[in-house]
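The values are calculated or read from the model by the stated rules, or taken from the named source; none is laboratory data. Model, not experiment: these values are computed from the prediction. When we count neighbours, we look across all protein chains shown, and the Cβ atoms used for this are built from the backbone with ideal geometry, even at glycine. Ligands, DNA and RNA are excluded from the accessible area calculation, which covers all protein heavy atoms including side chains. Shrake-Rupley method; radii C 1.70, N 1.55, O 1.52, S 1.80 Å.
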Amino acid sequence: MKLQTKIILTTCAVVVIMGLLTMAAIGKVVETALNQQLDERGLSLMKVASENLANPLLDGELLVVQRILESLAGMDPGIEYAFVTGINSPTVVHTFPQGFPAGLRKANPISPGEQYGMKVLSTEKGLIRDVGLRVLDGLDAELHVGFSQRDIRRSLGSVANTIILLTLGGILVGVFAALTLSRRITRPLAALAEHVERMGTGTLDDEIKVTSRDEIGNLAARFNQMTDSLRESIGQLNKRNRELSALNQVAKAVSGRIDLNSMLERALSKVLELMGLKAGWIVLFTPGDESKTTLAAAQGFPGSFMGKKACCFPDCSRWIMPEDVRPVIVHPLGEECQMKLIDFGDGTAPHCHLSVPLVMKGRALGVLNVLGHDPGCFGEDDVELLAAIGRQLGVAVENVRLWEELRSRDELRTKLLSKVITAQEEERKRIARELHDETSQSLAALVVGLKAASTMVNNNEADVDKVLEDLKDGTNQTLKELHKIIYDLRPGLLDDLGLIPALRWYLESRLEVHGINTTMEVKGHPFRLPAEAEIAVFRIVQEALTNILKYAAAGEVQLELEFQEVGLQIRVMDDGCGFDAESVLTGPNKKKGLGILGMIERASLLGGRLQVTSCKGQGTEITLEVPLGNKGGVNSGENPPLVG
């Protein structure tokens, strides 16, 4: 049912109910007033009649009483009857032509102590109001007059008809008013419904015209506010969906690819496609030397421009540095910027470019750059989207680098393992060779000498003492050779006295015997390290000193140990020929640096760090830092003091 119909029906119902209530109330009031008026008039007539009836009743003149009653009944057409009872006799004087009705005498008796009584009686002639009055005080005589209710009913009917006519008029007026009001209410509501229907179809640009300041006007204003909020929310949602879609497509482009340049080429192609741009390039900062950059990907440039330095690192005052994490719009391009020389072949040229850092852990690993013909083509949403893509690419670049580092470390571990096995076999060969060439020969000579001495003793030869003395010297030499082999395997000083005496012995026994001057300095308060840490540190220093002996051609070597509260720092310095540390450690042929890489690996197992500083002709310095008490360090408890 329509709202307009509901309003009309409700108005009609209210008017009818109010008419009925009004008719009932007015009818009751009118009836009460007419009855009261009738009672007052009847009592007035009866009082006059009772004064005229008093003497005839006392004298017993019933005929006079009859005439007075008939005269009273003729005075008012509304009087239906009159009769007198009592007078110490059952005789009733009345005006009924057909005889006195049975039971009428007792229909309205006057209560003792009351002067009059009134009661409505239902008769064949309709409702009659019987009014009874005592004629005189002290006399048992009552005058009763019956007044017809027809006039009152007629008056009430007239009032009711009038009220009905007024009600009908009110209904007509109410219907007209309801129709007018409903139109004024339903017209803006219909406009609201139409607007909501358009909203359901996705049309949010239209606004409802607010023509009033009532509740409907407020509702229209609220609908306009809701439309604006929905439009803004849908815009944000579309923006987020666009961003997520772009990030998803870029993620697909970079997923599953280990080659860094190939990955960035695909990512750049997808970015240009999503943004509707023609050209862009990606440069990466060189790890360890962020002042240098390399061109990782470029698309949309003429072939003649690809080799220019501008593609790698434009000479631009607003170029992003590694510590920058926010995108930068460069407009206008500077006079020195080589990008101004680009011609895309369709009559357009770049006038600005957007540089987006590839951020990872608060630093830029590189820069994503896209060219534009107008700075207006880079809206706020586009900048935010490219910033999100930059962060995503930063994570991808870091992952690829970590993967390459992990693969490189695995290759290094494989090579180190091979070197360990080779070193073990070489050590076994060396020991076997030394045992064969020196110890074995010495023992064989000792056996021959003992046989000769035995023969000489049997023959009582005079030179036997000299032969025995030579055998004794040979035995001592053999013992020294065995001790040398044992110390090369593992110096006993390391287990008995600790790191410092073992390193001092190694300097003296391995370098000084070859004419190299050595200096050893100990700083701080020395303490013993755990056994596994001491042997690892000893092997690192041993490898460094062995390399000096083999390759450095050094004249002086300085060994410095500094015991600190947070750990141990060891520096090995020589004045030898030096070498290019970067090319040895990071070059394509890493076999030359396996010894140093092994030292670095041992240091990392201790949770420490080893740094090699060297240049050709300027000697070499190796610094080893071993932390103590940290996770990954050599120990977490107290270290015993150094003894000896």
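Selection over segment 24-64 of residues that are open to solvent by less than 90 Å² (accessible area, probe 1.4 Å), more than 20 Å from Gln115 (Cβ to Cβ) and part of a helix (DSSP H, G or I) gives a count of 12.
Scanning for something part of a helix (DSSP H, G or I), surrounded by fewer than 14 Cβ atoms within 10 Å (Cβ to Cβ) and at pLDDT 85 or above, does segment 592-605 turn up at least one residue? Checked against the condition, which is being part of a helix (DSSP H, G or I), surrounded by fewer than 14 Cβ atoms within 10 Å (Cβ to Cβ) and at pLDDT 85 or above, segment 592-605 yields at least one hit.
May I ask you to list the residues in segment 513-536 that are among the aliphatic types (A, V, I, L, M) and open to solvent by 30 Å² or more (accessible area, probe 1.4 Å)?
Answer for segment 513-536, where residues must be among the aliphatic types (A, V, I, L, M) and open to solvent by 30 Å² or more (accessible area, probe 1.4 Å): Val513, Met520, Val522, Ala531, Ile535.
Residues that are in contact with a Cys (Cβ under 6 Å, 6 or more places away or on another chain) and without any contact (Cβ under 8 Å) to a residue 60 or more places away in the chain within segment 353-406 comprise just one, Pro375.
Restricting attention to segment 177-193, the residues that are within 30 Å of Val29 (Cβ to Cβ) and either surrounded by fewer than 18 Cβ atoms within 10 Å (Cβ to Cβ) or acidic (Asp, Glu) (or both) add up to 1. Checked against (1) part of a helix (DSSP H, G or I); (2) at pLDDT 90 or above; (3) open to solvent by 10 Å² or more (accessible area, probe 1.4 Å), Glu562 passes all but condition (1).
Pairs linking a residue in segment 469-492 that is farther than 30 Å from Met456 by Cβ to a residue that is modelled with pLDDT of 75 or more and of a type in the set (Gly, Ala, Ser), with Cβ atoms under 9 Å and 6 or more positions apart or on different chains, are Lys484/Ser509; Tyr487/Ser509; Pro491/Ala502; Gly492/Ala502. Among the residues of segment 114-167, those that are out of contact with any helix residue (DSSP H, G or I) (no Cβ under 8 Å at 6 or more places or on another chain) and assigned to a helix (DSSP H, G or I) comprise Arg150, Arg153, Arg154, Gly157, Ser158, Asn161, Thr162, Leu165. Among the residues of segment 502-512, the ones that are open to solvent by less than 30 Å² (accessible area, probe 1.4 Å) and either modelled with pLDDT of 90 or more or of a type in the set (A, V, I, L, M, F, W, C) (or both) come to 4 in all.
Take Phe301 and tell me if it is surrounded by 15 or more Cβ atoms within 10 Å (Cβ to Cβ), modelled with pLDDT under 80 and either in contact with a strand residue (DSSP E or B) (Cβ under 6 Å, 6 or more places away or on another chain) or closer than 18 Å to Arg401 by Cβ (or both). For Phe301, the condition - surrounded by 15 or more Cβ atoms within 10 Å (Cβ to Cβ), modelled with pLDDT under 80 and either in contact with a strand residue (DSSP E or B) (Cβ under 6 Å, 6 or more places away or on another chain) or closer than 18 Å to Arg401 by Cβ (or both) - is not met. Residue check: Lys550 meets all listed conditions (1) in contact (Cβ under 8 Å) with a residue 24 or more places away in the chain; (2) open to solvent by 20 Å² or more (accessible area, probe 1.4 Å) but one, namely (1). Among residues belonging to segment 568-582 that are at pLDDT below 90 and open to solvent by less than 60 Å² (accessible area, probe 1.4 Å), point out the one that is farthest from the chain's Cα centre (by Cα). The selected residue is Gly578. Annotation: of all residues in segment 26-79 being within 24 Å of Lys125 (Cβ to Cβ) and among the hydroxyl-bearing types (Ser, Thr, Tyr), the one that is modelled with the highest pLDDT is Ser71. Scanning segment 12-22 for residues that are farther than 16 Å from Ala178 by Cα and open to solvent by less than 50 Å² (accessible area, probe 1.4 Å) turns up just one, Gly19.
One line per residue, one yes/no per condition, for (1) under 27 Å from Ala533 (Cβ atoms); (2) of a type in the set (S, T, N, Q); (3) touching a strand residue (DSSP E or B) at 6+ places or on another chain (Cβ under 6 Å); (4) at pLDDT below 70:
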position: Glu426; (1), (2), (3), (4): yes, no, no, yes
position: Asp437; (1), (2), (3), (4): no, no, no, yes
position: Thr455; (1), (2), (3), (4): no, yes, no, no
position: Asp470; (1), (2), (3), (4): no, no, no, no
position: Leu494; (1), (2), (3), (4): yes, no, no, no
position: Asn517; (1), (2), (3), (4): no, yes, yes, no
position: Glu521; (1), (2), (3), (4): yes, no, yes, no
